[in-house]
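Reading through the structure tokens given below for one structure.
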Amino acid sequence: MNKKKAFRSGLYQVICLILGLVVISPIIYCVLVSFMEPSEILTKDLHIMPNYIYLVNYIKAVTKTDIFRFMFNSFVVAFVSSVVRLITASCAAYSFAFFEYPGKKLLFYLTIGTMIIPADVLVVQNYFTVAGMNLINTYTGMMVTFFVSAMNVFVIRQYFMSYSKSLKEAALMDGCGNFLFFIKILLPTTTPALATVFISSFVGTWNTYLWPLIVTNVNEMRTAQVAITMLNTEASSDYGVVMAAATIILVPSILVFILFQRKIVGGLMSGSVKG
């Protein structure tokens, strides 16, 4: 019986490994191409591994565009937007999970209902709103549409719902008010949900291309994804340079995921009182 379980476990791990390699294969190929010479990339034959480490693509990616300035802009937009989204989503979720007031269910359903509205439908109206507030070519103008997410509210609210109501009642009886209960008890034990929301928000905002492009018209305020477009236009068929820039831009997202993956594991392993 133990051998059968061990075989199933090993088979499951092998399947997961194969699926993981399939999913990550485009990224691996992108990194490999970034180290190839143009003649290796444009050959008719199948060429996967570079003949040697060719760093000229990275030098061109750095010198042809101000990519690090673009990455700084993307980091500011993604980080601040993710922090604000955590605050708004957790506060709204706290209200929906632990408070009782007239119209709460209706308000929650309306919040969730906004998820069915495609973001592209609101681009024009959002642009006029941001322009009317004189936020063109500003960080606030690029971030304001990412401050609230109904999906994040739903995720954190569902996590809060798993807590026993008696936990809040006991905290109130011990003199812990609503705000202190939220800050000192609820949030520290909600690390997995908060980390998941932060990762998804950061990666999604970091990879956003259309909205930052629309609300900025000066290179100093462009984001990292615009650098790829500029290189693809200027370098024409120099795909190695484009892949090198894409690899550089990919690094912060990977670092954020690795960092907060530890937080998720730590949060899952830590004990908490739930009903």
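One table, with the values for the structure above:
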item	result
Among 124-134, 205-215, the order from most to least packed when residues are scored by Cβ within 10 Å on average	205-215, 124-134
Gain on full stretching of the segment that runs from Asn137 to Met161 - 0.36 nm per residue minus C-alpha separation	4.6 nm
For segment 135-240, accessible area per residue (1.4 Å probe, heavy atoms of protein chains only), Å²	45 Å²
Per-selection Kirkwood Rh - segment 97-150 (Cα, Å, 1 d.p.)	13.2 Å
Reachable lysines from Lys105, criterion Cα separation under 24 angstrom, eight or more residues apart if same chain	Lys165, Lys168, Lys274
Top positive-direction residue, dipole computed over the chain with Cβ charges, set Leu231, Phe68, Ile116	Ile116
Portion, in percent, of the accessible area of the chain that falls on carbon or sulfur, probe 1.4 Å	70 percent
Selection from Cys91, Thr138, Tyr159, by position along the positive dipole direction of the chain (Cβ)	Tyr159
List Glu100, Glu40, ordered by accessible area with a 1.4 Å probe, largest first	Glu100, Glu40
Euclidean distance between Cα centres, segment 162-196 to segment 37-90, Å	40 Å
Rounded to the nearest 20 debye, dipole of the chain from Cβ charges on Lys, Arg, Asp, Glu	1200 debye
Ile59-Thr229 FRET efficiency (beta carbon distance; Förster radius 25 Å; 0.05 resolution)	0.80
Average accessible area per residue (Å²) across segment 11-50 - probe 1.4 Å, nucleic acids and ligands excluded	75 Å²
Two-decimal Rg to Rh for the chain - Kirkwood Rh, Cα set	1.06
Anisotropy class of segment 20-122 from Cα gyration tensor, a/c 1.5 cut	prolate
Low-density loop cleavage sites - chymotrypsin sites (Phe, Trp or Tyr not before Pro) in segment 30-79, where at most 12 other Cβ are within 10 Å (DSSP)	Tyr52
Crossing angle, helix 191-206 versus the chain [Cα axis fit, 0-90 degrees, rounded to tens]	40 degrees
Exposed trypsin sites (Lys or Arg not before Pro) absent - longest run of the chain, DSSP non-H/G/I/E/B, at most 14 other C-beta within 10 Å	45-273
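The values are calculated or read from the model by the stated rules, or taken from the named source; none is laboratory data. All values reported here derive from a predicted model rather than from experimental measurement. We place every Cβ from the backbone using ideal geometry, glycine too, and count neighbours over all the protein chains shown. Remember, those area values only see protein heavy atoms, side chains included, never the ligands or the DNA or RNA. Shrake-Rupley method; radii C 1.70, N 1.55, O 1.52, S 1.80 Å.
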